[in-house]
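The values are calculated or read from the model by the stated rules, or taken from the named source; none is laboratory data. Given the structure is predicted, the values throughout are model-derived calculations rather than measurements. FYI the Cβ positions are ideal-geometry reconstructions off the backbone, even for glycines, and counts take in every protein chain you see. These accessible areas exclude ligands, DNA and RNA; they are computed on the full protein's heavy atoms, side chains included. Shrake-Rupley method; radii C 1.70, N 1.55, O 1.52, S 1.80 Å.
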Amino acid sequence: MAIITYRQALKDALAEEIERDENVFIMGEEVAQYNGAYKVTEGLWKRFGDKRVVDAPISEAGFIGLGIGASFLGLRPVIEMMFFSFVYVAWDQAVNNASTVRYMSGGKVNCPIVIRGPANGGTNVGATHSHTPENMIANFPGLKVVCPATPADVKGLMKSSIRDNDPVFFMESTLLYGNEGEVPEDEDYLIPLGKADIKREGSDITLIAHGGCVLTALKAAEKLKKDNNVDCEVVDLRSIRPLDKATILKSVKKTNRVLLIEENKPFCGIGAQISHMIQREAFDYLDAPVHRISSVDSPAIYSPPIEKIQVPDARLVMREVRNILQIKA
Amino acid sequence: MSTETPETHDFNKGRSRTLEKADIFDYAKDPVNKAMTVEEKLKCFTDMVRIRKFEQAALQSYQKGKMGGFLHLYIGQEATAIGTTSVLGDNDHIITAYRDHGHALAVGMEMNECMAELFGKYTGCSKGKGGSMHYFDPEKGFWGGHGIVAGQTPLGAGLAFALKYKGIKGCAICYLGDGAINQGVFHESLNLASLWDIPVIYVIENNGYSMGTSQQRSSAFPEAGLAARANSYKINFDTVHGENLYEVRAKTNIAVQRAYEECRPSVLEIFTYRYYGHSIADANHQRYRTKEEIRHYQENKDPINVWEQILIEEGHLNVDKVKEIDKAAKEEAKAAIKFADESPFPPPQEMLSDVYHSVDNPGTHTNEGEIFFNDQLPF
């Protein structure tokens, strides 16, 4: 296995799928000649040319809709959102059209499209550019939502998403692009959508997270082990819809305590759904109420030192774990 | 309520709507029309009558409470769907908005499946999951049936983009109403279509009103016409008298050949008229137009009557034959109602199929986990 960055793993997945299937192409703003606003597609235009790596004007509704229409005829567009926050100008296309066309056609039309890009805050770009819409997208039956945290996962999940026959919203993070990790080089390295991964085993409490918050949870878990001898189990959801309910419940039943961590806002966040699921299906196993941490419930603040504490950090996770376990700091 | 006569009504400003007899014969001489066989001409007539009888029957069924929701009738606009689709080839595709019954029948969908869909029945073209606004038949090159104004316009570009990507010589016609041209996504689609040389043809079916709002009240520059907006995107455009099937065919064919030969988009604005309201819920459609205006179109510019007269003059049709075609279409529509009436509703568990390809086709995806989140089901 090679040690490469999250960005490189993503690029490798794209390149391998472009090579593997002539119907796969990438489209988005600055993806080709500029090499990608966050360099995810760097070098792909030079390697694959205009047909497979398409620079689009700033018209998200136009080119997402175009991608959806092209997917009806069997193409597999991978559409880059420079920021996932930009999907809102294409909401009718990305959400209304992509989620309903198979259903309303009685199963006659498929929409094998991937819409990918960074969806994270914490980078001082202000409220309009810091959205994490995975909870909203996951609210639409017909859509799938994936939020990988590590280089290996981003590769295996991207390859599965491109090969999937349903629309997949693939949410990355600008804060993860530079992270390194071991990544399998197998061209058919596929991670199933809907399969969580236990990133750290533990017996005292289950921390459930996705995307960048998985790393926050792992960091807090290490510190809690060192400081308080607490063994946290960290469940990385990886995929929001489909969702690995079995792994979540198994872990909760083992540790009997749970803290949900996400960068979303609390109201109708991913945690709200999982919390409901746990109380309904593992109520008798709980030794404490389900707690959750989300971003502070206000638009993303610009001020750099204040934004740092608006999104969940390890310190806050540790504080909340100690609360649940009634450990004095 | 306006008291203007059709001749002075604002609606007609900026629209050239006179259809002289000479026009009919000029367009009749167009190669695409000269090549028409008598059978093809009669088929166009029959299919326009079938659309009208289907919708009249649907309207009656709606009034009897046989269906819910909306019913956007196409009556008055039939020559647009029939004329445009009649020049298409096997590699061409169409997509439209919610006034879609005419297009569905035009590409050969059956009255039975269309009527059953209105009735919400399992035998409907979308198994009762789509309804009036969402007919689909990809095998006949028909990609819906889309409910949101202008929402289909980038999809149409995408269909044509896919043809070009695959190296297939073909085109996609994307229909839209006059109300759709003020939506941003339509302009994004035009820009992309021209920028990337996409063989898509946007057919604006200008029936005068976006729901209850005339162009005078919705367009900043109505005198220029709607198709002229294509000029801003370096796209060829033309206007068409929608009551003249020969003209519809001739001008559509020019756009189709442009798509085939130059891989360039086109915009056609077809002047047409709907006799009923925006939808069945638009009971007040005489608030924004006069009875006289409606009658004017019915008497002078009815696409079926105009085509009937042409075919009678050409000697291909007579009064008896018209009656026969009329009767057959009525009976076909009546049978469709019987079929729809007697068909079952979808079983409740059908609510959960056709949502995800991966769920309906187990073993074909690398998917695990839960994808539906129902704590309990009502059935």
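Distant-in-sequence amide contacts of B:H93, defined by a placed amide H-H separation under 5 Å and a gap of 5 or more residues or a different chain, comprise B:C171, B:A172, B:I173. Take every pair of alpha-carbon atoms less than 8 Å apart whose residues are at least six positions apart; their mean separation over the length of chain B yields a relative contact order of 23 percent. Principal-axis analysis of the Cα atoms of chain A puts helix A:212-228 at an angle of about 20° to the longest axis. Across segment A:277-293, rounded Karplus estimates of 3J(HN,Hα) from the backbone phi angles (6.51 cos²θ - 1.76 cosθ + 1.60, θ = phi - 60°) give 4, 5, 5, 7, 10, 9, 3, 6, 8, 7, 9, 7, x, 6, 10, 9, 10 Hz, Gly and Pro being marked x. The share of accessible area on the protein assembly as shown that comes from carbon and sulfur is 50 percent, using a 1.4 angstrom probe. Taking K and R as +1 and D and E as -1, what net charge do the other residues with C-beta under 13 Å from the C-beta of A:L44 add up to? Here the charged neighbours net out to -2. Scoring B:155-162, B:217-224 by mean Cβ neighbours within 10 Å over their residues and listing the highest first yields B:155-162, B:217-224. Between A:L316, A:L73, A:L218, the residue with the greatest mean-square fluctuation in the GNM of chain A (Cα pairs under 10 Å linked by springs) is A:L73. Considering only beta bridges that DSSP places wholly inside segment A:2-183, some 15 percent are antiparallel. Expressed per residue, the C-alpha convex hull volume of chain B stands at 162 Å³. Rounded to the nearest 5, the antiparallel percentage of DSSP beta bridges internal to segment A:197-325 is 20%.
Note on chain A: GNM, Cα springs under 10 Å; of A:P299, A:P77, A:P148, the largest mean-square fluctuation is that of A:P299. Chain A and chain B together bury an accessible surface of about 4600 square angstrom, both sides counted, with a 1.4 Å probe and no ligands or nucleic acids included. The distance linking segment B:25-43 with segment A:169-206 is 63 Å (Cα centroid to Cα centroid, whole angstrom). Here the Kirkwood formula, the inverse mean of 1/r across different C-alpha pairs, assigns segment A:197-325 a hydrodynamic radius of 14.5 Å. Using only alpha-carbon positions in chain A, the gyration tensor eigenvalues give semi-axes of 34, 20, 19 Å once each is multiplied by 5 and square-rooted (largest first).
For chain A, take the longest principal axis of its alpha carbons; what is the angle in degrees between that and the long axis of helix A:60-72, to the nearest 10 within 0 to 90? Here the helix axis deviates by roughly 80 degrees. For the peptide A:68-79, the mean number of other protein chain Cβ atoms found within 10 angstrom of a residue's Cβ is 6. 5 Å is the cut-off here: which amide hydrogens, built 1.01 Å from N in the peptide plane, fall below it relative to A:N179, excluding neighbours closer than 5 in sequence? When sequence neighbours closer than 5 places are left aside, the close amide H contacts are A:Y6, A:R7. For chain A, the longest principal axis of the alpha carbon atoms and the long axis of helix A:6-20 meet at an angle near 40°. When DSSP beta bridges are limited to those with both residues in segment B:19-343, what percentage is antiparallel, rounded to the nearest 5? Beta bridges within segment B:19-343, antiparallel portion: roughly 10 percent.
GNM remark for chain A: springs join alpha carbons under 10 Å apart, and the peak mean-square fluctuation among A:K195, A:K254, A:K159 falls on A:K254.
Is the C-alpha gyration tensor of the protein assembly as shown telling us rounded, prolate or oblate? Criteria: a/c under 1.5 is rounded; beyond that, a/b larger than b/c is prolate, otherwise oblate. Judged from the Cα gyration tensor, the protein assembly as shown comes out prolate (a/c at least 1.5, a/b above b/c).
Accessible area per residue for chain B, computed on protein heavy atoms with a 1.4 Å probe, is 41 Å². Amide H contacts of A:F25: A:R76, A:V78, each under 5 Å away and 5 or more positions distant or on a separate chain (H built 1.01 Å from N in the peptide plane; Pro and chain starts excluded). Near A:V234: Cβ cut-off under 11 Å, other residues only, Lys/Arg at +1 and Asp/Glu at -1. The net charge is -3. If the chain linking B:V359 and B:Q60 were pulled fully straight, counting 0.36 nm for each residue of separation and taking away their Cα-Cα distance, it would gain 103.8 nm. Here r is the Cβ-Cβ distance between A:D186 and B:E342 and R0 is 60 Å; the resulting FRET efficiency, rounded to 0.05, is 0.60. Note that segment B:140-149 has calculated 3J(HN,Hα) couplings of 9, x, 10, 9, x, x, 10, x, 9, 4 Hz, one per residue in order, obtained from phi through the Karplus relation 6.51 cos²θ - 1.76 cosθ + 1.60 (θ = phi - 60°); glycine and proline are x. Per residue, segment A:197-325 exposes 44 Å² of accessible surface when a 1.4 Å probe is rolled over the protein heavy atoms with every protein chain present.
Helical runs assigned H by DSSP (4 residues or longer) give the protein assembly as shown a calculated mean residue ellipticity at 222 nm of -11500 deg cm²/dmol, each run adding -39500 (n - 2.57) before division by the residue total.
Remark: relative contact order (segment A:190-291) = 32 percent; criterion is Cα-Cα distance under 8 angstrom and separation of 6 or more residues. How high is the relative contact order of segment B:220-362, in percent, with contacts defined as C-alpha pairs under 8 Å that are six or more residues apart? RCO, segment B:220-362: 18 percent. The distance from the alpha carbon centre of segment B:141-203 to that of segment B:342-368 is 29 Å, rounded to a whole number.
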